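Derivation of every value follows stated rules applied to the coordinates shown; laboratory data play no part. Computed from a prediction, not measured in an experiment: that's the story for all the values here. Backbone-built Cβ (ideal geometry, glycine too); neighbour counts: all protein chains shown.
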């Protein structure tokens, strides 16, 4: 499947990913900048935040409370903010476009 991650400066990072991995795992495997993933994808740190392009939001499973709390703790009030570790790549997400914030939470 094709995934596009747009950095805050507008640079597009386009790569292929296999269904069954998370967006965070795929982005890290392709050295996409802006997705730090300090906790390794355990939904604990909030350093893999992305902003999902509007047309893709309804294709994602809803965020769970803990994910929303981490996003809020990061100070991100964007309605399309998600943690990339919590986005499993499924066939319906082929072509997914997300944007990275200017900076992630710092540890």
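Quick check: residue separation of residue 54 and residue 14 times 0.36 nm, minus the Cα distance between them. What number comes out in nm?
Details: separation 40, 0.36 × 40 = 14.40 nm, distance 1.81 nm.
Full-extension gain reported as 12.6 nm.
Students often check this: by mean Cβ neighbours within 10 Å, which of 47-53, 67-73 ranks highest, and how do the rest follow?
Ranking, from highest mean packing down: 47-53, 67-73.
Identify the residues of region 54-80 with backbone N under 15 Å of a label point that sits 7 angstrom from the Cα of residue 4 along the Cα-to-Cβ direction, or state none.
Zone members listed by number: 54-57.
How high is the relative contact order of region 1-93, given as a whole-number percent (alpha carbon pairs under 8 Å, six or more residues apart)? Present the calculation step by step, with values, prior to reporting the outcome.
Numbers: 134 pairs, mean separation 30.8, N = 93.
Relative contact order of region 1-93: 33 percent.
Give me the distance between the Cα centres of region 89-107 and region 1-79, rounded to whole Å.
Centre-to-centre (Cα) distance: 3 Å.
Given the chain reduced to its alpha-carbon atoms as identical point scatterers, what log10 I(q)/I(0) does the Debye formula return at q = 0.16, 0.21, 0.22 Å⁻¹?
Log10 of I(q)/I(0), two decimals: -0.60, -1.11, -1.24.
Take every Cα pair under 8 Å in region 53-107 that's 6+ residues apart, average their separations, divide by the length, and report that relative contact order as a whole percent.
Value for region 53-107: 49 percent.
Length gain on complete extension for the stretch residue 90 to residue 73, per 0.36 nm per residue less the alpha carbon to alpha carbon distance?
On the way: separation 17, 0.36 × 17 = 6.12 nm, distance 2.78 nm.
That pair, residue 90 and residue 73, stretches by 3.3 nm at full extension.
Using a simple spin-label model with points 7 Å from Cα along the Cα→Cβ vector, what separation in nm is obtained for residue 38 and residue 63?
1.8
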